Structure formats: C-alpha cells, structure tokens
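Quick notes on the structure that follows.
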Amino acid sequence: MDLIALLKSQFLCHLIFCYVFIASGLIINTLQLFTLLLWPINKQLFRKINCRLSYCISSQLVMLLEWWSGSECIIHTDPRAYPKYGKENAIVVLNHKFEIDFLCGWSLAERFGVLGVSRTCISHLTRLSPSTLLVFSLSVVQSLQQHQQLLKCS
C-alpha cells in the first residue's frame, strides 16, 4: 500500500478534510453575507465577487471527487461543438443515478472554466448545509405522492 492510499484510508485524514471544508465554507458564507452590502451599490461587482467565492466552495468538492476517488469524466461529443463549451449559456441535465451526479457536472464545469457560475438543483434537505447555503443552488422538494399522482394522470 503506497503512502497516498494509506492517507486516504485514515480517519484523521477524513476529519481534516471535513474540518477544512466546514471551516472554509463558514468563512466563505460569511464573506458572501458581507457582499450583500454591495448589491444596492454595484450589482455587477457583487456577482463577480460571489462567483469567485462560490468557486472556492465548489472546487473543494471537485478536488475530492477527482483526487480521492480517482474519478475521471470523459466527454463524447461533436468536435465542432467542443470549442463552444464554456463560452455559451447551456443547460446540462444529468441522468440521476447516484447522489454525487452533481459533482460530475461540477467536474465538467471546472474543466471548461465555468464552475463559479454553474448552478445545481439539490435536494430539499441538502439545502440546509451551511456550505451549500449561498452557492446559488436551486432547492427541489421531492415528493413521491406528487410524482405518483402525475404519473397516474398521464
């Protein structure tokens, strides 16, 4: 077992990553709250600063996805469309199979330099996390009863 694999398996290493994520998330969220004072004065500056602060939180999770798990995202696409990625507005819909699908989307956004301005739809319960509080995520309520009623009607 090499040194990196040993570190990845240690509880203390997990604890340090959690502490850094929570502490930096609280600091960044505090800074985002202070930038609310800029909103009435200069909305463009407010958006630029919050874009950078959102990137600071999101990039930590992308780093953990790629480094910790050894994941690699591969895109199969039309070569003519590839130069447009990261330069035009887009909506990317991932087929939800696992709880970390949004991280794969963030990993792709990081590759194209748009991670700070990317938005995600997250579960209603996840929105209460302090680190996702001000990362511009949309909260979605998932109700099995409502979905069943919609399916019966259609």
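The values are calculated or read from the model by the stated rules, or taken from the named source; none is laboratory data. On a predicted model such as this, the values are computed, not experimentally measured, just so you know. Don't worry about glycine lacking a Cβ; one is built from the backbone with ideal geometry, like all the others, and counts go over all protein chains shown.
Let's see how each residue does on (1) part of a helix (DSSP H, G or I); (2) surrounded by 15 or more Cβ atoms within 10 Å (Cβ to Cβ); (3) over 13 Å from the mean Cα position of the chain (by Cα):
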site	(1), (2), (3)
Ile16	yes, no, yes
Ala23	yes, no, yes
Pro40	no, no, yes
Ser58	yes, yes, no
Ile75	no, no, yes
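Give me the pairs: first residue in the range 12-28 and among the aromatic types (Phe, Trp, Tyr), second residue part of a helix (DSSP H, G or I), beta-carbon distance under 6 Å, and six or more apart or on different chains, which are they?
Phe21/Gln60
Condition (residue is modelled with pLDDT of 70 or more and either surrounded by 10 or more Cβ atoms within 10 Å (Cβ to Cβ) or closer than 18 Å to Gly25 by Cα (or both)) applied to the range 120-129: is it met by at least one residue?
yes
Need the failing condition index for Arg52 against (1) more than 20 Å from Arg119 (Cα to Cα); (2) in contact with a Gly (Cβ under 8 Å, 6 or more places away or on another chain), just the number.
Arg52 satisfies all of (1) more than 20 Å from Arg119 (Cα to Cα); (2) in contact with a Gly (Cβ under 8 Å, 6 or more places away or on another chain) except (1).
Could you tell me which of the residues Leu108, Leu103, Leu115 is aliphatic (A, V, I, L, M), farther than 26 Å from Thr35 by Cβ and modelled with pLDDT of 75 or more?
When all the criteria are applied, what remains is Leu108.
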